[in-house]
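K.L.:
Can you keep this structure in mind? I'll have questions shortly.
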Amino acid sequence: MKNLGILMNVYKITFILLLLFILMNFTLEDKKLHKSSHNGEELLQNSPKIKLETSMKMIHSKAITLRQEKLQIEKEKQRLKQEAMIRKEKILLVEQSKNPSSKEKVQTISNQEKQKQNTKKWMKFNASYYGPDCKGCSGITVTGINVRETNYYNGLRIVAVDPSVLPLGTIVEIKTPYESFRAISADKGGAIKGYKLDILVESEEVATKYGRHNVQVRIIQYP
């Protein structure tokens, strides 16, 4: 019986050792698999293609961020500009309330600023043509220029305008579908309202041939 007990103990120890051996093998295999998987992922992540894709994603993300920052800066500039204009208007209103005569000065400065801006840009006008022999015409412009023999004044063509848009005496540059020239606003007419002008030509017969069309006008000099 004693020998049987010893033998049973030997079997138990052998069985436990076998289990431990199997468990150790499973652990080693799992570590190998995990290491192999990790190495594969690391190798894949370090491949040129993956690096390029990662770099492109980073660049794209940075570009979006920079664009958003630029838009934010532009919005902030516009906001500050509007606030500055509002403050300036408030100051001008306060000055006008204290000194009524300053209103005319402010209006003059405002007109000068508008005139300066208009001299830099082209404006679209609707143009027609007229001759000195038109019905109801005297051959003398509203500014006193005799146009019976010529449609020029000091080397400038003559145009009729709406004085509220182009003051009489304003020198302009005009681009028509046919030609480009400089002219002086030396006449006006009842039908010339807003952004319209009437270009003086040799006769009504010539005016009829030109018809009506849009032109580009740029202010050269105010009177």
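The values are calculated or read from the model by the stated rules, or taken from the named source; none is laboratory data. Model, not experiment: these values are computed from the prediction. Cβ atoms come from the backbone with ideal geometry, glycine included; neighbour counts cover every protein chain shown. Side chains are part of the model used for accessible areas, which takes the heavy atoms of the whole protein and leaves out ligands, DNA and RNA. Shrake-Rupley method; radii C 1.70, N 1.55, O 1.52, S 1.80 Å.
K.L.:
Among the GluC sites (Glu not before Pro) in region 120-223, which ones are in a DSSP loop with at most 15 other Cβ atoms within 10 Å of the Cβ? Mind listing them?
P.N.:
Details: sites: E149, E173, E179, E202, E204, E205; in loops: E149, E179, E202.
Hits after loop and neighbour filter: E149, E179, E202.
K.L.:
Of H213, H60, which has the most accessible area and how do the rest follow, probe 1.4 Å?
P.N.:
Largest accessible area first, the residues go H60, H213.
K.L.:
Longer than 21 Å from Cα to Cα, which of K175/K209; K135/K196; K124/K193; K135/K193; K77/K124; K121/K209 are they? Say none if no pair is.
P.N.:
K77/K124; K121/K209
K.L.:
Can you give the FRET efficiency to the nearest 0.05 for F181 and K70, using r as the Cβ-Cβ distance and R₀ = 30 Å?
P.N.:
Efficiency, from the Cβ-Cβ distance: 0.10.
K.L.:
May I pose another question? Using a/c under 1.5 as the rounded threshold, could you call region 140-196 rounded, prolate or oblate? The axes a ≥ b ≥ c are square roots of the C-alpha gyration tensor eigenvalues, and prolate needs a/b larger than b/c, oblate otherwise.
P.N.:
Note, shape of region 140-196 comes out oblate.
K.L.:
Only loop residues by DSSP count here, and only those with at most 14 other Cβ atoms within 10 Å; note down the trypsin sites (Lys or Arg not before Pro) in region 168-223 that meet that.
P.N.:
K193, R212
K.L.:
What FRET efficiency comes out for the pair N154/M123, r = Cβ-Cβ distance, R0 = 35 Å, nearest 0.05?
P.N.:
Approximately 0.90, to the nearest 0.05.
K.L.:
Here's a follow-up. Using a 1.4 Å probe, how large is the accessible area of E89, given in Å² and rounded to the nearest 10?
P.N.:
Approximately 110 Å² for this residue.
K.L.:
Of V206, A186, L168, which is farthest along the charge dipole of region 147-209 in the positive direction, counting Lys and Arg as +1 and Asp and Glu as -1 at C-beta?
P.N.:
L168
K.L.:
Using a basic spin-label model with each label point 7 Å from the Cα along Cα→Cβ, how many nm lie between E202 and M85?
P.N.:
Modelled inter-label distance: 4.9 nm.
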